2 protein chains.
Amino acid sequence: MLQSKLFAKTKKSLAKSFETESFKLLYKGDFIDQLASGIFSLLPLGLRVHRKIENIIREELQKIGAQEVYLPALQPKSIWEASNRWKTMDPPLFKLKDRHQKEFTIAPTHEEVITKLVQERVSSYKDLPIALFQIQVKFRNELRFFGGLLRAREFIMKDLYSFHTDQEDFRKYYQKVIKAYFRIFKRCKLKSVLTEASGAGFTNEITHEFQVLIPAGQDWVFYCPHCEFAQNREISKLKAGDKCPKCKKGKIELQRGIEIANIFPLGDKYSKAFNLKFKDKDGKDKYVIMGCYGIGVGRLMATIVEVWHDENGIIWPEEIAPYFVHLVPLEFNVSKVKQVSLKLYQDLQKLGIEVLCDDRKDKSPGEKLKDADLIGIPWRVVISKKTIKSGKIEIKKRCAKSSKLVTPKEFLNLLRR
Amino acid sequence: MLQSKLFAKTKKSLAKSFETESFKLLYKGDFIDQLASGIFSLLPLGLRVHRKIENIIREELQKIGAQEVYLPALQPKSIWEASNRWKTMDPPLFKLKDRHQKEFTIAPTHEEVITKLVQERVSSYKDLPIALFQIQVKFRNELRFFGGLLRAREFIMKDLYSFHTDQEDFRKYYQKVIKAYFRIFKRCKLKSVLTEASGAGFTNEITHEFQVLIPAGQDWVFYCPHCEFAQNREISKLKAGDKCPKCKKGKIELQRGIEIANIFPLGDKYSKAFNLKFKDKDGKDKYVIMGCYGIGVGRLMATIVEVWHDENGIIWPEEIAPYFVHLVPLEFNVSKVKQVSLKLYQDLQKLGIEVLCDDRKDKSPGEKLKDADLIGIPWRVVISKKTIKSGKIEIKKRCAKSSKLVTPKEFLNLLRR
């Protein structure tokens, strides 16, 4: 992509203040735009990152046998009454009427729809287990919104639902999802901690959250650095300094965390509400045991920025960066600089490498370098009239301090490995 | 994919009647599910087709320099008042309030949001042209819904918006989009006709629709079979039998059509509403000239089924089929049949071919063949104990009448070409 054509205008100064670094940097780098409080557009750079995260999630869930569907957002009141959540959801549902005065919601979660869908297709134990997921828009009627993509009113979520003959089969799958989630977050370069938490209206059982422990988080987590046992403060009876109740060795710390995912045992709550039964091997009708598992994709993206940034901008992990290489010709109007840049641009594309080339002529070298740091593409390649005389370009990893002079060929060989 | 695991239950008998063949077949084949009137879920088979169509659209739009974004559905009243459409949209907007009693809509189209977005980023003629598209959910508060995915209340649409310094530049891009659309529909194996139509509240100018002329369509189109001139009856002064006003040779026919896309010159309507100006070369402030271009992805999918089916089921065009090869072992519990099937299943996957293998043991050969015809995968491969004795499998194209006995190796070589 040629940067002169890219729909992105980085901001030099900010007219307002931001509660979080991720909001500030994603806004400043023009990855996102805010239409209203808690409602965002993803611009080309932001959407590229978002899609890469989506694809990581998709790949890892397909590995554990989950199939992708796409469920509607607009949902009739009747199914929310069936689950007794029309009036009790917290935050309360967005509610609206159609032209026939029928009531609908735009859904914050999809237990109702998916249980109904599965109920119409399952009759025997042979039909189970089933795991279905979607990556789709959600609406939450929050009272307050926080930190840009960290807590939005409209956001894209991956929600996975699983259906089982019994608790044992459910528990096995629950563990598989935990492993898949750790793989997802690892690929996103996030260290997350499995944290015991409350059911949040989905269940009365203990559930699990994946928390990224950083000061920018809004949650409080009791955490054992020795065995990684963790409990959300909301359900914990621990206090800082306590001996870890699990390993009996570590000392409990109270830390801030961002919840990037949650997983819930749903038991037969929704199966009962939607009469989701199956005939077991013994010929008896039984309720299906369910689980649900969510990842907020936008929040995950923001959390990555919270962890991976410095004072100059974002440091995208390689697998989710909007581009892999950023060519920065300091003087694009100098013909030799332009020529070397465009040749390298083509050569990189031939290798299948995603590359952004800053061909803007109305920006100073200083502005270009500042933008490159802000946008945070893993490899920065500076092409300048100074070094190009000796046939060299300056390569630098965004996460590294030092740069290196190499020939374009050496750089290509480095990436080819 | 092993069919025993696939989340899809084809229906043998139908409890209700369907207005269109596409609705019936997509429902019967379990590509889609209906949650409420005009509101659908895409199940795994349906989502696979939908995504392939999305990707064709994406590829062809990127070829004409359009960049992808993702805009929110939830939109504040203020921007719809700015464009004077809060009260005048037809069908009327879905309206709702948040917890602060602020009014919102869930949007049927995105002119307001995108114009505002571009206004904040464009100041000079150097910033233009710009072309932005998204593939995103839309909500339309229709009084009546028709034919399943043909006219839904919630649906996924590709909407493209372009921004230009003047009419001439706009007209050039408009022609590029027309060509891109024809390429998209050709890849979907649809013959479409560029049809003059009304502005539908977007503009007072003549606009263009892409109509697929088939009896199942709900629109009426005057059409010249000689030069392909076409006019929507809503704006036409022609009558059947007239001499074509364009080529003066053909005789005008009145035909039924499905509108699969539309393109609108928007002029400066939204630029004026959102003060979207730029400084031209002569230093003067001018309004940006806009165009918008839509394709309903679900409707396109349904139209393909309207055109490509027979009495037994769907006949998916190769590029958008949910899978490319359907292996149908008639007796999966016969070990030789199972062995040959699974070997072929693996060999096909190694070639990167998407394959569905009907490993279901509780289905009769008749049921399996019926399902294969219904689902409509381009290649059907029957593996049976009868033919496997002589080392042969029966291959048949879904669109062809006759089948052929070949060895698995011959089949693999055929696909390898």
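The values are calculated or read from the model by the stated rules, or taken from the named source; none is laboratory data. Remember, predicted model here, so these are calculated numbers, not experimental data. Here the Cβ is made from the backbone with ideal geometry for all residues, glycine too, and neighbour counts use every protein chain on show.
Could you tell me how many of the residues in the range A:174-199 are more than 16 Å from A:Val307 (Cα to Cα), among the small types (Gly, Ala, Ser) and not in a strand (DSSP E or B)?
The total comes to 3.
Which one of these does A:Ser37 not meet: (1) surrounded by fewer than 20 Cβ atoms within 10 Å (Cβ to Cβ); (2) in contact with a helix residue (DSSP H, G or I) (Cβ under 9 Å, 6 or more places away or on another chain)?
Result: A:Ser37 passes all but (2).
Can you find a residue that is more than 30 Å from A:Lys116 (Cα to Cα), in contact (Cβ under 8 Å) with a residue 40 or more places away in the chain and in contact with a His (Cβ under 8 Å, 6 or more places away or on another chain) anywhere in the range B:68-77?
no
How many residues, within the range B:232-259, are of a type outside the set (D, E, K, R) and within 21 Å of B:Glu205 (Cβ to Cβ)?
6
Applying the selection to the range B:146-161, what residues are of a type in the set (A, V, I, L, M) and more than 10 Å from chain A (Cβ to nearest Cβ)?
B:Leu149, B:Leu150, B:Met157, B:Leu160
Quick one: count up the residues across the range A:42-59 that are facing another protein chain (nearest Cβ under 9 Å) and either surrounded by 24 or more Cβ atoms within 10 Å (Cβ to Cβ) or under 9 Å from the mean Cα position of the chain (by Cα) (or both).
Of the residues in the range A:42-59, 4 are facing another protein chain (nearest Cβ under 9 Å) and either surrounded by 24 or more Cβ atoms within 10 Å (Cβ to Cβ) or under 9 Å from the mean Cα position of the chain (by Cα) (or both).
To keep it simple, each residue is scored yes or no on (1) touching a Pro at 6+ places or on another chain (Cβ under 8 Å); (2) not in a helix (DSSP H, G or I).
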| residue | (1), (2) |
| --- | --- |
| A:Asp30 | no, yes |
| A:Phe40 | yes, yes |
| A:Leu47 | no, no |
| A:Ile53 | no, no |
| A:Ile57 | no, no |
| A:Glu60 | no, no |
| A:Pro72 | no, yes |
| A:Gln75 | no, yes |
| A:Glu81 | no, no |
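With the condition kept exactly as written, say whether any residue in the range A:277-300 is under 30 Å from A:Arg417 (Cα atoms) and among the aromatic types (Phe, Trp, Tyr).
no
Show the residue pairs meeting these rules: Cβ distance below 8 Å; 6+ apart or different chains; first residue within the range A:291-310 and in contact (Cβ under 8 Å) with a residue 24 or more places away in the chain and not assigned by TED's automatic domain parsing to the domain that holds A:Val49; second residue buried (at least 24 other Cβ atoms within 10 Å of the Cβ) and charged (D, E, K, R).
Listed by first residue and then by second, the contacts come to nothing, as the list is empty.
Scan the range A:219-241 and tell me whether some residue there is surrounded by fewer than 21 Cβ atoms within 10 Å (Cβ to Cβ), in contact with a Lys or Arg (Cβ under 7 Å, 6 or more places away or on another chain) and free of Cβ contacts under 8 Å to residues at least 12 places away in the same chain.
The answer is yes, given that some residue of the range A:219-241 is surrounded by fewer than 21 Cβ atoms within 10 Å (Cβ to Cβ), in contact with a Lys or Arg (Cβ under 7 Å, 6 or more places away or on another chain) and free of Cβ contacts under 8 Å to residues at least 12 places away in the same chain.
Looking for something in contact with a His (Cβ under 6 Å, 6 or more places away or on another chain) and either in the same structural domain as A:Gly391 (by TED's automatic domain parsing) or assigned to a strand (DSSP E or B) (or both) - is there at least one such residue anywhere in the range A:321-341?
no
Please name all residue pairs, on different chains or six or more residues apart, with Cβ atoms under 6 Å, provided the first residue is in the range A:4-23 and is basic (Lys, Arg) and the second residue is in a loop (DSSP other than H, G, I, E, B).
Matching pairs, first to second residue: A:Lys9/A:Asp30; A:Lys9/B:Arg121.
Only one of these is modelled with pLDDT under 95 and in the same structural domain as A:Asp30 (by TED's automatic domain parsing): A:Arg151, A:Arg187, A:Arg121. Name it.
A:Arg151
I'm trying to understand the selection: among the residues of the range B:78-89, which are within 10 Å of chain A (Cβ to nearest Cβ) and surrounded by 16 or more Cβ atoms within 10 Å (Cβ to Cβ)?
B:Ile79
Could you name every one of the strands (runs of 3 or more DSSP E) located completely within the range A:351-417 that has at least 2 residues being more than 25 Å from the chain's Cα centre (by Cα) and at pLDDT 95 or above?
Strands (runs of 3 or more DSSP E) meeting the threshold: A:379-383, A:393-397, A:403-406.
Rundown of residues vs (1) in contact with a Leu (Cβ under 9 Å, 6 or more places away or on another chain); (2) modelled with pLDDT of 95 or more; (3) assigned by TED's automatic domain parsing to the domain that holds A:Phe278; (4) not basic (Lys, Arg), yes/no style:
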residue: A:Gly46; (1), (2), (3), (4): yes, yes, yes, yes
residue: A:Gln62; (1), (2), (3), (4): no, yes, yes, yes
residue: A:Pro72; (1), (2), (3), (4): yes, yes, yes, yes
residue: A:Ala82; (1), (2), (3), (4): no, yes, yes, yes
residue: A:Trp86; (1), (2), (3), (4): yes, yes, yes, yes
residue: A:Leu96; (1), (2), (3), (4): yes, yes, yes, yes
residue: A:Leu132; (1), (2), (3), (4): yes, yes, yes, yes
residue: A:Phe145; (1), (2), (3), (4): no, no, yes, yes
residue: A:Leu160; (1), (2), (3), (4): yes, yes, yes, yes
